[in-house]
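The values are calculated or read from the model by the stated rules, or taken from the named source; none is laboratory data. Fair warning: this is a prediction, and the values are worked out from it, not measured in the lab. Quick reminder, even Gly has a Cβ in these numbers, built from the backbone with ideal geometry, and neighbours come from all protein chains shown. For accessibility, only protein heavy atoms count, side chains too; no ligands or nucleic acids. Shrake-Rupley method; radii C 1.70, N 1.55, O 1.52, S 1.80 Å.
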Amino acid sequence: MSLQLVIGSKNYSSWSLRAWMLLNHFEIPFREISIKLFTDNYKKELARYSPSLKVPVLIDEELTVWESLAICEYLNEQYLDNRALPVGREARALCRSFCSEMHAGFMALRSELPMNCRARKQVSFSAAVEQDIRRIDALWTQARRRFVDRGDYLFGKFSLADCMYAPVVMRFYSYGAELGPEADDYFQFMLEDPSLMRWRQAAAAEEQVLSDFEVGEAR
Ligand SMILES: N[C@@H](CCC(=O)N[C@@H](CS)C(=O)NCC(=O)O)C(=O)O
């Protein structure tokens, strides 16, 4: 099989989920190579595949692509004939803005609420986390209002934006978040998404527990 995707744990590796979800949703055949992160010699194993010593990494024969957004863009261009971006110049530009904002931002949300697919926890949110949640709520509401007639994903049809925000869906599932009606509809819809459900089922079966990523109290 020519395509290989190197990922971390399904329970914790939010960046891995993005690229995996795109491949999985569009049923692009690939071989999955899973590395247990934060074990004694995981860096050595990562070094076999990843120039950045991070996952995900996509290997397409002689080509190595790292960084989740670059992988998603590459797959969209090379394997999907651009089907993972919405139709229309404005919609595509907006979708790319959504993806980049996620890729580069929401630091408080990412650091204080680690993705932990198995968890249902209670956490008191910092002001910075609240601000990130409000911004994501606004983004999701904006996209759903504008593209509701095209379908139920952010931009109607499934796009790179749904991959980029899937780990946020899991964080909201684990720690709760108050969302406006359109954003909440999207959140509920994504919880039933078949590829996200496959990821969550596999995450539930994993045994590795990383205490640094276990936050909050039982609810
Ligand atoms: N910006 C990178 C982030 C990749 C990243 O931080 N991956 C984490 C796992 S979710 C990782 O490989 N961590 C290993 C380490 O930091 O040693 C991307 O988009 O792929």
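If we scan the stretch 66-89, do we find a residue that is more than 11 Å from the ligand (Cβ to nearest atom), among the acidic types (Asp, Glu), open to solvent by 30 Å² or more (accessible area, probe 1.4 Å) and not in a helix (DSSP H, G or I)? Scanning the stretch 66-89, I find at least one residue that is more than 11 Å from the ligand (Cβ to nearest atom), among the acidic types (Asp, Glu), open to solvent by 30 Å² or more (accessible area, probe 1.4 Å) and not in a helix (DSSP H, G or I), so the answer is yes.
Against the criterion of being farther than 22 Å from residue 174 by Cα, within 15 Å of the ligand (Cβ to nearest atom) and not assigned by TED's automatic domain parsing to the domain that holds residue 169, residue 45 qualifies.
Of the residues making up the stretch 6-42, those that are more than 9 Å from the ligand (Cβ to nearest atom) and among the hydrophobic types (A, V, I, L, M, F, W, C) number 9.
Here's the yes/no breakdown for (1) open to solvent by less than 20 Å² (accessible area, probe 1.4 Å); (2) outside any loop (DSSP other than H, G, I, E, B); (3) touching a helix residue (DSSP H, G or I) at 6+ places or on another chain (Cβ under 9 Å):
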position	(1), (2), (3)
132	no, yes, yes
135	no, yes, yes
148	no, yes, yes
188	no, yes, no
196	yes, yes, yes
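Of the residues screened, residue 201 is one that is in a helix (DSSP H, G or I) and not hydroxyl-bearing (Ser, Thr, Tyr).
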